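Note sheet for the following structure.
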Amino acid sequence: MHLVMISCTPRAVKASNTAKILEKFREGYESVGNTTETYYLAERKSWEQIRVAYYENEQVLFALPLFVECIPGIMMEFLESLDYERLAQMQKKHVAFLVQGGFAEASQLRCCEKYLNMLPAYLNAEHMGTLIKGDMFSVSIMEGDARKKMIAPFVQMGKLYAEEGHFDKEKVSEFAKPEYFSKRIILLSGLFSPLRKLVMQGMAKKLGCKGSLMAKPYQRYVN
Ligand SMILES: Cc1cc2nc3c(=O)[nH]c(=O)nc-3n(C[C@H](O)[C@H](O)[C@H](O)COP(=O)(O)O)c2cc1C
């Protein structure tokens with residue numbers, strides 16, 4: 001089987017969490033004798049090539065970061081650039097999604113998952129399921145073994161998708177756990193809040209942030 005994988009983040013490939021996760025997914029998918037080709041919407045000059053790959057292939061995976069509870073604008077822009085008359089005349093494609101987000105609870109991704117349940121019908125495609133996973137914010141910040149450990153589970157999910165041809169709802173929920181934090185974790189999280197703030201400040205600095213994390217630059221525009 002040949003799978004076209006489209007990364008739908010506006011973030012540059014080098015800095016993107018989606019790209020790193022997709023690379024692991026590819027490893028698993030190809031480990032059982034399949035082939036893939038990967039495209040990045042962040043590379044706008046390749047959109048025509050991506051559209052051709054989309055029209056000409058039967059199996060497609062859209063991989064995206066969760067942006068404000070749903071899909072990134074760049075993905076919507078790309079989908080709007082497809083030729084829907086042409087799609088309507090074509091054989092139904094098999095379309096699946098991989099969504100990863102920053103917040104750890106799977107419940108944070110459920111709204112987007114619901115939207116993605118509807119989307120393939122608009123593309124004259126069959127929905128092959130959606131893989132969701134939170135807590136991925138720091139993939140690009142982590143280095144070495146810490147990063148490897150974070151994204152290694154996607155190898156297994158790539159292999160599973162290759163073997164089963166779809167994302168099984170129950171297996172996805174198991175993979176995406178926790179659905180909600182337990183009361184104990186919420187309590188502990190409150191206790192460790194000062195430490196977490198320090199870690200976040202360190203991360204922000206690494207990402208090039210020079211101002212305070214408490215800055216509210218748009219506050220003056222709010223009544
Ligand atoms: C504009 C923006 C909005 C985001 N909204 C959410 C969100 O609603 N929920 C969430 O869990 N993570 C959210 N995130 C975090 C990203 O989904 C997460 O960091 C992801 O791993 C980024 O992948 P990328 O590096 O490939 O873009 C947001 C990030 C950005 C930049």
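Observations
- Value of [θ]222 nm, deg cm²/dmol, for the chain, DSSP H segments ≥ 4, -39500 (n - 2.57) each, nearest 500: -13500 deg cm²/dmol
- GLU30-GLU58 pseudo-label distance in nm [points 7 Å out on the Cα-to-Cβ vector]: 2.2
- Full extension of the chain between LYS183 and ARG196 yields a length gain of 2.9 nm, computed as 0.36 nm times the residue separation minus the alpha carbon distance.
- Cα gyration tensor category, rounded, prolate or oblate, for the range 182-223 with a/c compared to 1.5: oblate
- The chain - percent relative contact order, Cα under 8 Å, separation 6 or more: 23
- Tensor-based shape of the range 2-180 (alpha-carbon gyration tensor, a/c under 1.5 rounded, otherwise prolate or oblate): rounded
- GNM result for the chain, Cα springs below 10 Å: residue of LYS20, LYS45, LYS133 fluctuating most strongly: LYS45
- Separation of the range 89-129 and the range 12-48, taken as the distance between their Cα centroids, equals 17 angstrom.
- 9 Å beta-carbon shell around THR38, net charge (K/R +1, D/E -1): -1
- Pairwise label distance in nanometres, ASN223 with SER173, each label 7 Å out on the Cα-Cβ vector: 4.4
- Only helices reaching 15 angstrom along their own axis (Cα) with mean Kyte-Doolittle hydropathy no lower than -0.5 count here, and for the DSSP H runs of the chain these are 110-122, 153-164, 193-206.
- Point-to-point label distance, MET1-HIS166, nm (Cα→Cβ direction, 7 Å offset): 1.1
- Additional length obtainable on full extension of the chain from GLU43 to ASN117, 0.36 nm per residue less Cα span: 24.0 nm
Since every read-out is calculated from the coordinates, none of them should be taken as a lab result. Owing to the predicted nature of the structure, the values given are computational and were not obtained by experimental measurement. Every residue, glycine among them, receives a Cβ derived from its backbone with ideal geometry; neighbour counts consider all protein chains shown.
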